[in-house]
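K.L.:
Below is the structure I would like to discuss, written out as structure tokens.
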Amino acid sequence: MADIQYSIAFVLDKRRAKADKTYPVKLRLTWQRVPRFYGTVFSLTEKDFEAITGAKPRKDEHKKIKKKLKAVEKKAEDIIEDLPDFSFSAFADKWYSKPVKSGDPGDIFFQFEQTIKDMERQNRIGNAIAYRCAMNSLKEFAGTDKLPFNKITVQYLKDYEADMLTAKKEKKANNLTTVGIYLRCVRALYKSAVDTGIVRPELYPFGSIEKKKYCIPAPQNIKKSIPLQEIKKIFDYQPATEAESMYRDLWIFSYLCNGANMKDVCLLKFRNIDGATV
């Protein structure tokens, strides 16, 4: 990659001490005068940190840790040198990625599996489910368990979209919203592959139609209004149980608040009410 001006240093994150009175050691990467901090496996007291980062540590244990910190610094430098175009996000992807024992990074299904595992570890279950559905759909279309990024061309994406929108035996056609959700997952993985140097930038198939790229279809947002006579039935309905009464009241409250999102309604506090004293 082209030479960039950056600096690397280790700092103690003193915002919160651990139970053993130590602080996490962070790697501080500064580029274009902007610092970013990245976690390491080390945690030290202020005294030990000063001794280790000094010119000549005296204790054998301090010498060993300093040697390990040098290896961490070398790892950061190697990541920067290997990036085709430096960015903090591209660096973070490499910094936090776990060593891969097997698999082809150039295979989008391999990248799907790795991303899904990371999301599950971060408890991002909803995202993980969306990515797994997208992967399964693309696998069904591809008819194989391996699909190199360079095979995903503009025409390939158009063919996939057409296939998704076509009804098959015992299977309804998907709508444009589903197609968009799945292909946004594909686009995110493709962009990451380009950013990390796995795929050449000129192969990136997503973009505007004017530039002869594939444009992900916009989601369908069909708003269906309920006739006033039907709404009146809800207001006049006499609930049979306490649970029904609560559900009806929540719906009416949302309706009278101009269609407030139900999650927002559930998160409301008494202090959100003007004039409330509780």
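The values are calculated or read from the model by the stated rules, or taken from the named source; none is laboratory data. Computed from a predicted structure; not experimentally measured. Counting neighbours? That spans all protein chains shown, and the Cβs are built from the backbone with ideal geometry, glycine included. These area figures cover heavy atoms from the full protein model, side chains too; ligands, DNA and RNA do not enter into them. Shrake-Rupley method; radii C 1.70, N 1.55, O 1.52, S 1.80 Å.
K.L.:
Assign one of three labels to region 1-103, namely rounded, prolate or oblate, based on the Cα gyration tensor with a ≥ b ≥ c the square roots of its eigenvalues; rounded applies when a/c is under 1.5, prolate when it is not and a/b is larger than b/c, and oblate otherwise. Kindly include the intermediate steps, with their values, before the conclusion.
P.N.:
Numbers: a/c = 1.76, a/b = 1.68, b/c = 1.05.
Prolate.
K.L.:
Further question: Calculate, in nm to one decimal, what Lys172 and Ile209 gain on full extension: separation in residues at 0.36 nm each, minus their alpha carbon distance.
P.N.:
Working it through step by step, the gained length comes to 10.5 nm.
K.L.:
Compute the length gained on full extension between Arg124 and Thr144: take 0.36 nm times their separation in residues and subtract their Cα-Cα distance, giving the result in nm to one decimal. Walk me through the intermediate numbers first.
P.N.:
Numbers: separation 20, 0.36 × 20 = 7.20 nm, distance 2.72 nm.
Net length gain for the segment: 4.5 nm.
K.L.:
Here's another thing I want to ask about it. Along the positive direction of the dipole of region 1-149 (beta-carbon charges: Lys, Arg +1; Asp, Glu -1; about the Cα centre), which of Ala17, Gln114, Leu138 reaches farthest?
P.N.:
Ranked along the dipole, the leading option is Ala17.
K.L.:
Can you list the aspartates and glutamates whose alpha carbon is less than 17 Å from that of Lys59, not counting same-chain residues fewer than 8 positions off?
P.N.:
Glu46, Asp48, Glu50
K.L.:
Now for a separate question. With unit charges on the beta carbon (Lys/Arg positive, Asp/Glu negative), name the residue among Leu189, Ile125, Leu147 whose Cα is farthest towards the positive pole of the charge dipole of region 95-195.
P.N.:
Checked the options; the winner is Ile125.
K.L.:
Separate question: Just one of [x] 38; [y] 30; [z] 61 is percent of Cα pairs over 28 Å apart as worked out from the coordinates here. Which one is it?
P.N.:
Among [x] 38; [y] 30; [z] 61, the one calculated here is [z].
K.L.:
From the residues Tyr204, Gln229, Ala243, which one has its Cα farthest along the dipole of region 172-262 in the positive direction, the dipole being from +1 and -1 charges on Cβ of Lys/Arg and Asp/Glu about the Cα centre?
P.N.:
Value: Tyr204.
K.L.:
Separation of region 111-154 and region 230-274 by C-alpha centroid, Å?
P.N.:
After rounding, the separation between the Cα centres reads 38 Å.
K.L.:
Given R₀ = 30 Å, what would the calculated FRET efficiency be for Ala188 paired with Ala260, taking r from the Cβ atoms and rounding to 0.05? Could you put the intermediate results ahead of the total?
P.N.:
Working: r = 31 Å, r/R0 = 1.02.
Taking R0 as 30 Å, the efficiency between Ala188 and Ala260 is 0.45.
K.L.:
Could you sort Trp31, Trp95 by accessible area so the largest value comes first, with the probe set to 1.4 Å?
P.N.:
Values: Trp31 50, Trp95 15 Å².
So, going from the largest accessible area down, we get Trp31, Trp95.
K.L.:
Suppose R0 equals 51 Å. What FRET efficiency, 1/(1 + (r/R0)^6) with r the Cβ-Cβ distance, do Asn136 and Lys47 give to the nearest 0.05? Could you put the intermediate results ahead of the total?
P.N.:
Working: r = 54 Å, r/R0 = 1.06.
Calculated value: 0.40.
K.L.:
Then there is this: Can you give the log10 of the normalised intensity I(q)/I(0) at q = 0.11, 0.15, 0.17, 0.24 Å⁻¹, computed with Debye over equal Cα scatterers of region 104-178?
P.N.:
Rounded to two decimals, the profile gives -0.32, -0.59, -0.74, -1.17.
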